[in-house]
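S.K.: Structure incoming, see below.
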Amino acid sequence: MYLPKDVFEYLLVGHPSPGMFALIKQEKKLFTERYNQAIAYKTSPHITIANFLSIEGIETTFNRLLQNICRLTTCFPVTLDGYSGFPSHTIYLRVKNQLPFQQLAKQLKPVADIMRSSGCPPFKIINKAHLTIARGLPEDVYAKAMADYSQKTFHESFMLDELILLRLQYQFDACKTIQVFRLRPADSNLLVM
C-alpha cells in the first residue's frame with residue numbers, strides 16, 4: 001500500500017521489557033529457521049494497540065493527546081500465555097488479560113475523534129491484544145506451524161511501562177519512532193501483599 005506524499009501510517013505499540021524482548025526475538029529466530037520465513041525475525045516484538053492514517057500536519061496535536069493519555073495510564077502487567085493464530089496467515093502469543101488494553105482503547109477515543117474531524121480514515125483499535133511471532137504466512141506454512149505450535153507452551157509476564165508511536169510511509173517501509181510515552185508508575189502504596 002502506497003500513501004500520498006503527506007499521508008503516513010501510524011502505529012501505537014507496546015514493547016516487552018528488554019529481557020522478554022530478547023526471549024521473544026529468539027522465538028522469532030527459531031520460527032524463521034524452522035519454516036524459512038524471514039519476516040518473523042525481521043519484525044520487532046510488539047503488541048499493537050492502534051493504527052491509523054494521518055497527515056503529518058496534525059501529528060503534533062495527536063502526539064500531545066497521546067502524551068496526556070499515557071501520563072494518566074498506570075503501567076500494567078502483561079502475561080503471554082500460549083500460542084494461537086489468525087487463519088490462515090499469522091501465528092501469535094496470546095495476551096492473557098485483555099482488560100488493560102480494552103481500558104486503554106477507551107481512553108484513545110479523543111485521538112480517534114481528532115482523526116475523524118480531520119478527514120482521516122477511521123482510527124483502528126486492535127480488538128484482541130496479541131504479540132505476533134510471524135505474519136503473512138503462506139497457507140501451507142501456517143497449517144504446519146499451527147500444528148507444531150499447538151503442542152508448544154509459553155507462559156511469561158512483563159510490565160508494560162511505555163507505549164511507542166511509530167510512523168511509516170508505505171507497507172514495507174521501516175518504522176520510524178516518533179515518540180516514546182512513559183506510562184504512570186504503579187502506586188506502591190496501593191499494592192496488596
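S.K.: Projecting each Cα onto the charge dipole of the stretch 76-193 (Lys/Arg +1, Asp/Glu -1 at the beta carbon, about the Cα centre), which of A174, A147, P110 comes out farthest on the positive side?
M.R.: Checked the options; the winner is P110.
S.K.: Relative contact order (percent) for the stretch 67-139, with alpha-carbon contacts under 8 angstrom and 6 or more residues of separation?
M.R.: 37
S.K.: Let me ask you something else. Sequence-distant or interchain residues sharing an amide H contact under 5 Å with T74, placed H: which?
M.R.: It is R184, by chain and number.
S.K.: So for the pair D140, Q179, with labels modelled 7 Å out along Cα→Cβ, what separation do we get in nm?
M.R.: 4.7
S.K.: A147 label point, 7 Å along Cα→Cβ, cut-off 19 Å on backbone N: hits in the stretch 81-100?
M.R.: 83-92
S.K.: Over the Cα atoms, compute the radius of gyration (one decimal) and Dmax (the largest Cα-Cα distance, rounded to a whole number) for the chain, in Å.
M.R.: When restricted to Cα atoms, the chain yields Rg and Dmax of 17.4, 54 Å.
S.K.: Follow-up. Per DSSP helix of 4 or more residues, -39500 (n - 2.57); summed, then divided by the residues of the chain. What does that give at 222 nm, rounded to the nearest 500?
M.R.: -10500 deg cm²/dmol
S.K.: Can you put I55, I91, I114, I47 in order, fewest other beta carbons within 10 Å first?
M.R.: Ascending number of Cβ neighbours within 10 Å: I55, I114, I47, I91.
S.K.: Using Cβ counts within 10 Å as a stand-in for footprinting exposure, how do T177, T48, T61 rank, fewest first?
M.R.: Least to most surrounded, the residues fall as T177, T61, T48.
S.K.: Within the stretch 82-106, whose backbone N sits under 20 Å from a point 7 Å along Cα→Cβ of E156?
M.R.: 82-85, 91-98
S.K.: From Cα pairs below 8 angstrom and at least 6 apart in sequence, can you work out the relative contact order of the stretch 51-193, rounded to a whole percent?
M.R.: Relative contact order here is 35 percent.
S.K.: Continuing with the same structure: How much FRET efficiency would the formula 1/(1 + (r/R0)^6) give for R116 and T43, where r is the Cβ-Cβ distance and R0 is 25 Å, rounded to 0.05?
M.R.: Approximately 0.30, to the nearest 0.05.
S.K.: Setting aside same-chain residues fewer than 8 positions from K106, which lysines have a Cα under 23 Å from its Cα?
M.R.: Of all the lysines, those that pass the test against K106 - Cα under 23 Å, at least 8 places apart if same chain - are K96, K124, K128.
S.K.: Short version: ³J(HN,Hα) in whole Hz for each residue of the stretch 42-55, in order, from phi by Karplus 6.51 cos²θ - 1.76 cosθ + 1.60 (θ = phi - 60°), x for Gly and Pro, what are they?
M.R.: 5, 8, 6, x, 6, 10, 6, 9, 7, 9, 7, 9, 7, 7
S.K.: When the dipole is taken about the Cα centre of the stretch 42-193, and only Lys, Arg (+1) and Asp, Glu (-1) are charged at their Cβ, what size is it in debye, to the nearest 20?
M.R.: 260
Values in this text are rule-based calculations from the coordinates and carry no lab data. A quick note: this is a predicted structure, and the numbers were derived from the prediction, not measured. Because the Cβ atoms are built from the backbone with ideal geometry, glycine has one as well, and the counts that use them run over all protein chains shown.
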